[in-house]
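Some notes on the structure that comes next.
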Amino acid sequence: MSTQSFNKINIDEIKLNSPDKLDDHYICNIKYNDNILYIQTPKVTIEEVTDKYILVNIDDKFKKFIEDIDDYCIKQTYDNSGNWFKKEIPYDALTNMYENVDTDDSTLRIDFPYIKDKLQCKIYNSDRESIELNTLKEGNSIILLLFFKDLKIFSSNFHLNFHINQIKLIENEYKILKEYSIIDDGEEIDNSI
């Protein structure tokens with residue numbers, strides 16, 4: 001596993017493997033430097049959070065990064081369509097088929113991954129302690145670790161498939177000491193604090 005900050009990714013080095021058939025669609029696994037691709041977002045703010053999804057406000061740099069990956073997926077599909085599907089697919093047709101990641105209004109909605117009703121992402125506080133999903137609230141600042149899994153290709157559309165792997169809640173920098181720490185009269189002062 002290799003985690004990369006979004007602003008350190010060279011999109012041209014992302015590789016889409018040849019598609020494999022899975023039920024009613026194809027998937028092209030995504031690799032970066034021969035590794036699974038985990039991307040860390042910049043600090044984002046929660047606009048809405050439910051047990052099903054999270055909606056976050058994103059900055060212009062991260063929005064452009066997502067748009068660039070969308071464009072790259074279309075270009076790679078176009079460049080490889082002859083090998084993958086044994087026929088050339090016109091670029092305009094692929095552009096019409098591709099479902100862009102929705103970043104309108106500089107927000108990004110990501111569904112939480114579940115398997116058998118069990119949340120498949122870890123959530124941590126600033127002390128690296130595991131916390132529950134219901135700890136996250138509107139207005140919180142967080143950092144997301146996104147797993148860019150694959151490109152899903154159906155007969156009439158295709159899209160980038162990614163989900164949240166980890167969340168870090170960025171808590172207020174002001175920390176209250178957990179133990180009584182006031183120096184009472186007559187006690188020695190510990191200068192090592």
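The values are calculated or read from the model by the stated rules, or taken from the named source; none is laboratory data. Computed from a predicted model, the values in this text were never measured in an experiment. Cβ: placed from backbone, ideal geometry, glycine included. Neighbour counts: every protein chain shown. Just so you know, the surface numbers come from the protein's heavy atoms only, side chains and all, with ligands and any DNA or RNA stripped out. Shrake-Rupley method; radii C 1.70, N 1.55, O 1.52, S 1.80 Å.
Observations on the model:
- Cross-chain or 6+ apart pairs with Cβ under 7 Å, region 15-34 first and in contact (Cβ under 8 Å) with a residue 24 or more places away in the chain, then charged (D, E, K, R) and surrounded by 14 or more Cβ atoms within 10 Å (Cβ to Cβ): H25/K152; I27/D150; I27/K152; C28/D150; N29/D150; I30/K149; I30/D150
- Here the condition is being farther than 22 Å from S130 by Cα, of a type in the set (K, R) and either in a strand (DSSP E or B) or at pLDDT below 95 (or both); of K178, K168, K152, it holds for K152 alone.
- Looking at region 1-67, the strands (runs of 3 or more DSSP E) lying wholly inside it that each contain 3 or more residues that are open to solvent by 70 Å² or more (accessible area, probe 1.4 Å) and either of a type outside the set (A, V, I, L, M, F, W, C) or at pLDDT below 95 (or both) sit at 20-22.
- Selection from region 96-108 of residues that are surrounded by fewer than 15 Cβ atoms within 10 Å (Cβ to Cβ), touching a residue at least 24 places away in the same chain (Cβ under 8 Å) and not in a loop (DSSP other than H, G, I, E, B): S106
- Among the criteria (1) surrounded by fewer than 11 Cβ atoms within 10 Å (Cβ to Cβ); (2) in contact with a strand residue (DSSP E or B) (Cβ under 9 Å, 6 or more places away or on another chain), the one Y180 does not fulfil is (2).
- Condition broken by L55, with the remaining ones in (1) touching an Asp or Glu at 6+ places or on another chain (Cβ under 9 Å); (2) closer than 17 Å to K149 by Cβ; (3) not polar (S, T, N, Q) satisfied: (2)
- Residue, least open to solvent (accessible area, probe 1.4 Å), within region 68-89, restricted to residues that are within 30 Å of E138 (Cβ to Cβ) and either acidic (D, E) or in a loop (DSSP other than H, G, I, E, B) (or both): D70
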